[in-house]
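The values are calculated or read from the model by the stated rules, or taken from the named source; none is laboratory data. Bear in mind that the values here come from a model prediction, so they are computed numbers and not experimental data. Ideal geometry is used to build each Cβ from the backbone, glycine not excepted, and the neighbour counts take in all protein chains shown. Calculation scope for accessible area: heavy atoms of the full protein, side chains included, ligands and nucleic acids excluded. Shrake-Rupley method; radii C 1.70, N 1.55, O 1.52, S 1.80 Å.
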Amino acid sequence: FVRYTGQHGWLDNSFGTTGSAMLAYADRLERNTQKLLNYSAGWNWILSPRVVNQVTGQWLSWTHDNQYAPCNLPSGDCLIQRLSFPSVSAGPVSGGGFPHWYNFVQKAQIRDDLSIQAGRNSWKLGVDYARLPKNGGLYGPGSPGTIAFFDDPSTIINNTNGRYPQGFQTPGIVRSITRSGEPIGNYDSYHNYTFSGYVQDDFRISSKFTINAGLRYDVYQHMNQADGLWEKNRTYLTLKAIGSPWGVLPKTDRNNWGPRVGFAWDMKGDGQRVLRGSAGRYFLMGIKNAYYTAAIQDKPELYITQTIANSAIGVGALANFIYGVTPLPVKPTGVTDLPRGGNNVGYWYDPKLEDFQTDQYALGYSHVLGSQMVFSFDYSHLEGSKGWRTIDINPLLPNPDNPSGARVRPLAADLNRVYGDPARLGITNILGSWNTSKYDELIWHLEKRFSTRTAIRGDYVLAWARGMGGQSDGSTRRASPYPQVASATGGDIYAPWEYGYTPYDERHRITVSGVLPLPFS
């Protein structure tokens, strides 16, 4: 077979919220467009009456482009319109500093599966290899930046609290100015690949009993390990220079062996009562959302966001700043290293980073009641381990030499010793395989057929989902928060209060459905 498929769609104002306003100079905040192209071909080959081979190949291209409206100002500087107040924001949405943000993937994949029937054994084995020459994007989080004020516009214009005698022209009323730089963040990774192989046997011991057994192996390499870009990550180089135990290169996880076994027992041999069970180990590929920020920091030029702030009106670095009169801070461009004194946010990996693992167990029973009714019961238990989570190893902590004084960061002394800059790193995020999770599910199913045209079924599901940081999917897509108790090692992530039910924990579900004939049908 040969197949081609494609899809092109878009959504306008996808980032609009109840706290943001539309633009007077444009018909939309942004347009979220997506294009997908897929070419695939396959060949099913009957080698003999007992052997069948299936080979499939595909080429996939996916592009996601957020198109932002230009700010339409003579200066071309959108920041002047990007305003944030305690209860409302105005101007271009976050990302309006660049006309396009891209996410893109290109993938070439080939898969081969071989099926062999040999007596009571039904063998299946195969391999799956995918190459991703293009996997990443261009992303400017927080661009063009934000001009934040202490009070709402009505308070400033009407001077209701007596602190704004000149309204918006009062000096020093800006709380902070965050300025995004150029070039836009590049989080591409190169020469990515995945490889999987498996072997499986369905062994029919008797007409009543069948055993399934198999083994699978997976490798995922998507984080720039192959091109030597890992070694150029600025956070890694900084941690390595100060002798931090975190300043070590991780390795691709190549220990992903997943055994699995199952059985089915037809107790009487007539299909009326069947007991089944299974157990297996599975490994999940980490998604790009978890590590794109670390990928930005391994490119020749860095995407930088800088902040200047006042501690109070007229107090601080913006004490004399007048909105609309004083020139805006210069946009940082062509930055190749972490800016001095910037309290730069760092992103790196735990040297022991591994892929998320789940051990899954299931047991079920079905029973035919009479000739037209079936009852079944299924229980599933999932144990998640090595779930990805980000911790901060450089939080602000009480100074042991002066507990009542200003807080200090654990890395400040070493950064000052090596770089002469204690503020080279601020928050320092480390992505590691620490989270554990559990999921339990009970399903009761009852189905009744009244005639060839009428049937009703009912299901009741009782389930529990819980995990560290309230997460159980093994990724940082819905990022777990930092541990409540901070420390130089990332915080107490194993404290009992760090483990709880997930946002998608659905305890009870009852479903009733059926097929009923209508009159005159």
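Miscellaneous remarks
- Per-residue ³J(HN,Hα) for region 299-310, Karplus 6.51 cos²θ - 1.76 cosθ + 1.60, θ = phi - 60°, Hz, x for Gly and Pro: 8, x, 10, 9, 8, 10, 10, 10, 10, 10, 9, 9
- Counting only protein heavy atoms and a 1.4 Å probe, region 156-284 has 48 square angstrom of accessible area per residue.
- Amide H contacts of residue 466 (H built 1.01 Å from N, under 5 Å, at least 5 apart or other chain): 438, 502
- Accessible area per residue for region 458-521 is 63 Å², calculated with a 1.4 Å probe on protein heavy atoms, without ligands, DNA or RNA.
- Across q = 0.05 Å⁻¹, the chain modelled as identical point scatterers on its alpha-carbon atoms has Debye log10 I(q)/I(0) values of -0.30, in the order of the q list.
- Surface share of carbon and sulfur [accessible, 1.4 angstrom probe, percent] for the chain: 58
- Alpha-carbon spread of region 319-417, three principal axes, descending order, Å: 86, 44, 33
- Taking amide hydrogens as placed 1.01 Å from N in the peptide plane, the amide H of residue 421 sits under 5 Å from those of 416, each at least 5 positions away in sequence or on another chain.
- In this Cβ point-charge picture (+1 for Lys and Arg, -1 for Asp and Glu), the chain has a dipole of about 900 debye about its Cα centre.
- Rg(Cα)/(2.2 N^0.38 Å) for region 1-154, N = residue count: 1.68
- The protection proxy used here, the mean number of other Cβ atoms lying within 10 Å of each residue, ranks peptides 219-229, 466-476 as follows, highest first: 466-476, 219-229.
- Alpha carbon centroid spacing (whole Å) that separates region 273-322 from region 407-447: 11
- Selection of trypsin sites (Lys or Arg not before Pro), region 201-307, meeting DSSP coil and at most 15 other Cβ within 10 Å: 208, 251, 254, 268
- Accessible area ranking (1.4 Å probe, heavy atoms, ligands and nucleic acids excluded), largest first, for 111, 131: 111, 131.
- Amide H contacts under 5 Å for residue 354, placed H, 5+ residues apart: 433
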